[in-house]
Amino acid sequence: MIPQSYFERFETPKYRARNPLKRYLIRRFIAHLQALFERAGSPTSVLEVGVGEGFISGWLSEQLPDVRFTGVDVRDEDLARLRSKFPRIHTERANIYDVGSIDGAYDLVICAEVLEHVDDPVRALAALCALAPKHLLITVPHEPWFRLSNFLRGKNLLRLGNDPEHVQQFGKRSLRRLLQRRTQVLRLESSYPWLLALARPI
């Protein structure tokens, strides 16, 4: 279980929030993600696209010191924070559409909380598959429950709870339809208010 002190290492507001329910949901989400990570067959090389400050890869890299981690993001400031906290994680600057040009082979590609932000998720998924990983681990907000949670706590009321930067909405069926364009979906499960999927590119 992620200790309280780990949350304090980050500047992103959702990790700095002291709401005990919110932190419980994040801890449960990470537990689900780690279970899917293990189902991916003990990967030895991992690339996280949209790594941000490194909450996910940082945690996994500290639990799995023998696994090689690379983090990709478009924001230089996030990559700088990532390097300062987790110097063992190699960093690359790229957007999701261009990740196919990154050198190296990876057993697992993680893309967490990114597809809801992109204009063309089909193209984004194709770019992830172009990396030719053995497995993909994808997470997105589970709609309409994510929006409803925001609305009930008074966030983004004029947008009916939708975050302004979210341009895509995914439920279980729509996420499965997207992933089946390029992958075999091995697991698709929820950890309120998120969806997680483990898939194999085809």
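If I filter the range 84-97 for residues that are under 19 Å from Leu175 (Cα atoms) and not small (Gly, Ala, Ser), do I get at least one hit?
Yes - at least one qualifying residue is present in the range 84-97.
Please go through the range 149-166 and pick out each residue that is modelled with pLDDT of 70 or more, more than 23 Å from the chain's Cα centre (by Cα) and at positive phi.
Selection gives Gly154 alone.
Do you know which residues across the range 6-35 are hydroxyl-bearing (Ser, Thr, Tyr), assigned to a helix (DSSP H, G or I) and under 22 Å from Asp78 (Cα atoms)?
Selection gives Tyr6, Tyr15.
For Ala80, which of the numbered conditions (1) part of a strand (DSSP E or B); (2) out of contact with any helix residue (DSSP H, G or I) (no Cβ under 8 Å at 6 or more places or on another chain) fails to hold?
(1)
Which residue, of Leu136, Leu128, Leu82, is touching a strand residue (DSSP E or B) at 6+ places or on another chain (Cβ under 9 Å), modelled with pLDDT of 95 or more and within 20 Å of Phe29 (Cα to Cα)?
Going through Leu136, Leu128, Leu82 in turn, just one is touching a strand residue (DSSP E or B) at 6+ places or on another chain (Cβ under 9 Å), modelled with pLDDT of 95 or more and within 20 Å of Phe29 (Cα to Cα): Leu136.
Which condition number in (1) within 18 Å of Lys172 (Cα to Cα); (2) outside any helix (DSSP H, G or I) is the one that Phe69 fails?
That leaves (1) as the condition not met.
Restricting to the range 171-188, name every residue that is in contact (Cβ under 8 Å) with a residue 12 or more places away in the chain and surrounded by 14 or more Cβ atoms within 10 Å (Cβ to Cβ).
Within the range 171-188, Gly171, Lys172, Leu175, Arg176, Leu178, Leu179, Arg182, Thr183, Val185, Leu186, Arg187, Leu188 meet the criteria.
Looking at the range 19-30, I want the residues that are among the β-branched types (Val, Ile, Thr) and have a partner that is modelled with pLDDT of 95 or more and assigned to a helix (DSSP H, G or I) with Cβ atoms under 7 Å, at least 6 apart or on another chain. Which pairs are those?
Short answer, once both residue conditions are applied: Ile30/Trp59.
Where residues in the range 36-66 are of a type in the set (S, T, N, Q) and in a helix (DSSP H, G or I), which of them is farthest from the chain's Cα centre (by Cα)?
Residue satisfying both the conditions and the ranking: Gln63.
Kindly indicate which of Gly104, Gly100, Gly71, Gly54 is modelled with pLDDT under 95, surrounded by 13 or more Cβ atoms within 10 Å (Cβ to Cβ) and over 18 Å from Leu198 (Cα atoms).
Criteria check complete, one pass: Gly100.
Which pairs turn up if I take residues in the range 81-106 that are over 18 Å from Phe10 (Cα atoms) and polar (S, T, N, Q) and look for partners that are at pLDDT below 95 and not in a loop (DSSP other than H, G, I, E, B) with beta carbon separation below 6 Å, at least 6 apart in sequence or on another chain?
So the pair list comes out empty.
Restricting the search to the range 189-202, which residues are free of Cβ contacts under 8 Å to residues at least 60 places away in the same chain and either under 18 Å from the mean Cα position of the chain (by Cα) or part of a strand (DSSP E or B) (or both)?
Answer for the range 189-202, where residues must be free of Cβ contacts under 8 Å to residues at least 60 places away in the same chain and either under 18 Å from the mean Cα position of the chain (by Cα) or part of a strand (DSSP E or B) (or both): Ser190, Leu195.
The values are calculated or read from the model by the stated rules, or taken from the named source; none is laboratory data. Keep in mind that this is a model prediction, so the values were computed, not measured. FYI the Cβ positions are ideal-geometry reconstructions off the backbone, even for glycines, and counts take in every protein chain you see.
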